[in-house]
1. What pairs from Lys191/Lys442; Lys59/Lys85; Lys333/Lys357; Lys146/Lys333 go past 29 Å between their alpha carbons?
2. Calculate, for Glu58 and Thr18, the FRET efficiency according to 1/(1 + (r/R0)^6) with r their C-beta to C-beta distance and R0 22 Å; round to the nearest 0.05.
3. For region 500-539 and region 48-100, what is the centre-to-centre distance using only Cα atoms, to the nearest Å?
4. Percent of Cα-Cα pairs per 5 Å bin, from 0 to the last occupied bin, for region 129-281, please list those.
5. Run the reach check for Lys33 against aspartates and glutamates, Cα to Cα strictly under 18 Å, same-chain hits fewer than 8 apart removed. What comes back?
6. Tell me which of Ala83, Leu13, Phe240 sits at the most positive position along the dipole axis of the chain, charges placed on C-beta atoms (Lys, Arg +1; Asp, Glu -1).
7. Please tell me the relative contact order of region 7-87 in percent, rounded to the nearest whole number, where contacts are Cα pairs under 8 Å and at least six residues apart.
8. Where does helix 278-301 land angle-wise versus the long Cα axis of the chain, in degrees 0 to 90, nearest 10?
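Taken together, the values in this text are just the output of simple stated rules run on the coordinates, not laboratory data. Computed from a prediction, not measured in an experiment: that's the story for all the values here. Cβ placement follows ideal geometry from the backbone for every residue including glycine, while neighbour counts extend to all protein chains displayed.
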Amino acid sequence: MENKPQENRRDDLPPCATEFIRRVVGRMWYRRKARRDVQTEMTAHFEDAVRDGATAEEKERRARELIEGFGDARLLAALCHRAKKRCRPLWLKVLLRSGQGLGIAFLYWTLCTLPLLLGRPTIRVNYAEWLSNHWRPNAPGVENAKVHYDEAVDLLVEPPPGLEGKMQLRRWSSVGYGDGDVRLIEAWLAKNQAAFSALTRGANTPHYWPIYDGNESTPIETSIVENEVESLSRWRDVTFAFKEQIIWEVRRGEVARAVDDCLVLRRFGRHLQNRGGLNGQLVGVSIEALGYDGITAFVQDADVPSGLLERVQRELVSSFDLNRQVIDMDCEKTLWYDRIQRTFTDDGEGGGHALPKGFAYATGDWKDNLLNTFRFRYPDRRETVAMVDRFFQRQQERLNVLPSAEQHVAPSEAPQIVTLTLLLSFVTPAYEHVARLAWRLKTHEIATVTVLAIQRYFRANGSYPDSLDRLVERGYLKEPPKDPFGQGTLTYRKTDNGFLLYSWGTNRKDDGGQLGTGSQGQPRMWADNGDWVFWPVSP
């Protein structure tokens, strides 16, 4: 209360002094407490100056002399304002300067990000329609095998309750079923003959291409997911039921028909490969591998005639190509094109800049992109599209590189590609695994052909060949079977009970024909820590 001027004290001053003090304090533009302090100090100055004045006129004269000494009220107010600022404590100065800095930074950030917030994407391409036409044959009137596969799905009858657990997808034997189970399964298979016929018609149809529904307003990713969720799970169910049909054909002694149906699975799986979404292509890889599993299992457990072995081997060889493209990355690349057109502006000539959601897809390190925003330099659409093209071209090329030669493919380039965009760095390991799966399938195919040739040799000569070169010499193979994961051919060795045939597998080491192990320590085919043994067939 001491610093607050008392009204009666101001009333004792001449009117000119009171008015001058009011003008100075009013123009300080500062905190109220500081203005009160200045008011108190100036009031005290004027009181000291007029205290000895005997008359009102004398006090007025002395007050005006003091006002003249103070000078202009506006200038005095500015000087008082500055003086009070200098008298602030250090902590307050630091706090205020920090606040000012943050305010300036926020204002600058707002100016920098304003173009990002005001920009809008332009949807020019319906990629769902583009993909549906991408794999469609140009010739008119070509039949699509998808029609028959969808028909098989619609005709499929679900298995009897309680039997699904017994029908293990990787088991190729009917051993373990009771009489009641056998009757249930046979009745169920009889109901599914129409579905199996439709599946066979589809596999025997030369052409297949996926069809995606969608328009410009729907992201292509949504169309692909809906298509795969709807189709792939049901196609798996059809494959599962068809596999059980094959097992029962062997049980009835119809080995030739069972082996032919394994070839149906192979053709079905190949239809799904090299086109469509990546998940669909991987399902195709699994279905084709299932066909090879069935063929080798029946060769080991059933009496397969030599003529049938030769016919099956001839069909496998007729369509074998080590450089066959199992996986096509066009759909994955199209997903990125669609993401870019929905998260970047479009200047009509292929250029534009990233919107906030586009930073995850933009070329360049995300930290650099964030810093460049403060320089009014935004991720460029044209550069991002070019980066996506380079990335997927490289991934497609890697699919054609033998795993055994992978270390020779400029590994120094990989980090450069990975750091080009945040999201691509996440999916790169998955794409590398897809390449290994494609080569694993090719290895499985080579091994199946080799097993058929060895068995044909055995039936003709009563003994197994001493080496794989012997099969080439006698015309059972055109060339030694290459091991894509090894340093030469598949590893073959005669044993007391027959023979051993294996690939070195993912670790590219010869483990002596020992299977790798799973997380529980049990032997497991396709494990990364051992060989892939194709013969004898694992139970």
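1. Details: Lys191/Lys442 35 Å; Lys59/Lys85 33 Å; Lys333/Lys357 18 Å; Lys146/Lys333 23 Å.
Checking Cα-Cα distances, Lys191/Lys442; Lys59/Lys85 exceed 29 Å.
2. Values: r = 17 Å, r/R0 = 0.77.
Computed FRET efficiency for Glu58 and Thr18: 0.85.
3. 93 Å
4. P(r) over region 129-281, rounded to whole percents: 2, 9, 17, 20, 18, 13, 9, 6, 4, 2, 1, 0.
5. Glu2, Glu7, Glu41
6. Leu13
7. Details: 63 pairs, mean separation 31.7, N = 81.
That works out to 39 percent.
8. Roughly 30 degrees, rounded to the nearest 10.
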